[in-house]
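The values are calculated or read from the model by the stated rules, or taken from the named source; none is laboratory data. Because the structure is predicted, anything quoted here is derived from the model rather than measured. Cβ placement follows ideal geometry from the backbone for every residue including glycine, while neighbour counts extend to all protein chains displayed. When the accessible area is computed, the model is the full protein with side chains, heavy atoms only, and any ligands, DNA or RNA have been set aside. Shrake-Rupley method; radii C 1.70, N 1.55, O 1.52, S 1.80 Å.
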Amino acid sequence: MSIPFRESDYSGMKVLVVPDAWQASLIAVESILKVIQSAQDERGRAVLGLATGSTPETVYAHLVERHRTGFLSFQNITTYNLDEYYPISPLDPKSYRSYMHRHLFSHVDIAPHRAHVLDGTVPEAYVAEHAAQFDHWIEADGGLDVQLLGIGRNGHVGFNEPTDLPVEQALRLATRLVELHMITRADAAREFGGVDHVIPRALTVGVASILAARSILMIATGAHKAEAVACALNGPMTAELPASLLQTVADKVTWVLDEPAAQGLP
Ligand code: F6R
């Protein structure tokens with residue numbers, strides 16, 4: 001199915017705008033399938049960086065459907081998820097491991113040892129080592145063919161939260177344990193039954209590994225994302241709005257927006 005979209009360019013990044021979130025997810029799926037196809041043609045396998053949250057749920061539903069109908073196998077696909085609360089059990093329904101199991105892993109033929117999610121059960125003394133290993137595994141797997149991203153209302157990517165670091169330092173941020181920003185916690189409040197119950201820390205793939213992906217696909221839907229989207233696409237590059245750092249690797253970034261998320265763009 002081909003979805004009509006409006007294409008433009010902001011700060012060198014490709015931006016595709018469609019009327020609604022459903023169409024945005026279809027465009028994203030088409031793009032992911034193309035990446036999988038060309039990576040498999042070139043190297044016999046594909047490595048995907050995945051996100052959680054509400055935005056990619058329909059993307060995973062479409063991928064599961066492609067698998068169910070025999071058009072997509074995950075046998076030669078490796079995945080790395082962006083983040084995980086810390087500490088958390090993978091069995092906790094609020095964990096991102098559990099989210100991935102519910103929305104994708106349990107419905108497709110991915111090998112369990114190729115479906116990587118940062119481990120919320122690693123003792124704190126070993127967290128730095130685990131985080132460094134995660135970056136190392138991504139590199140050892142040949143790097144990510146595509147990194148799928150969502151954007152937080154505060155402009156975060158993964159759980160790389162707004163910071164006052166200079167841009168050059170922010171670009172070098174590795175995978176690590178972070179404190180969640182108040183807006184991130186507020187947005188997770190419903191899932192956790194109140195803002196005070198949100199686990200305040202998380203493991204996140206760093207800005208450096210995200211930007212190292214061979215392609216980056218950002219999906220943003222809904223009017224509540226419009227301000228962050230407009231600043232990231234059209235504003236100055238600043239670590240106070242981490243998604244704006246995508247401008248440094250503009251030529252490999254595609255944004256897929258629905259009209260409400262695009263409403264702040266000139
Ligand atoms: C989740 C992640 C986050 C989300 C972002 C948007 O793995 O990395 O950066 O992508 O918070 O979340 P939703 O899609 O729920 O609006």
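Table for the structure above
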{"item": "Among 162-169, 88-95, the order from most to least packed when residues are scored by Cβ within 10 Å on average", "result": "88-95, 162-169"}
{"item": "Gyration tensor (alpha-carbon) shape descriptor, region 162-266, a/c threshold 1.5", "result": "oblate"}
{"item": "Gyration tensor verdict on region 85-163 (Cα atoms; rounded if a/c is under 1.5, prolate if a/b is larger than b/c, oblate otherwise)", "result": "rounded"}
{"item": "Eligible lysines near K252 by straight Cα distance, threshold 28 Å, same-chain separation 8 or greater", "result": "K14, K34, K225"}
{"item": "Region 136-266, accessible surface, carbon-and-sulfur percent (1.4 angstrom probe)", "result": "53 percent"}
{"item": "Per residue accessible area in Å² of the chain, where ligands, DNA and RNA are left out and the probe is 1.4 Å", "result": "45 Å²"}
{"item": "Sparse-neighbour loop sites [trypsin sites (Lys or Arg not before Pro); region 1-79; at most 16 other C-beta within 10 Å; DSSP]", "result": "R45"}
{"item": "Globularity index of region 12-258, i.e. its alpha-carbon radius of gyration over 2.2 N^0.38 Å", "result": "0.94"}
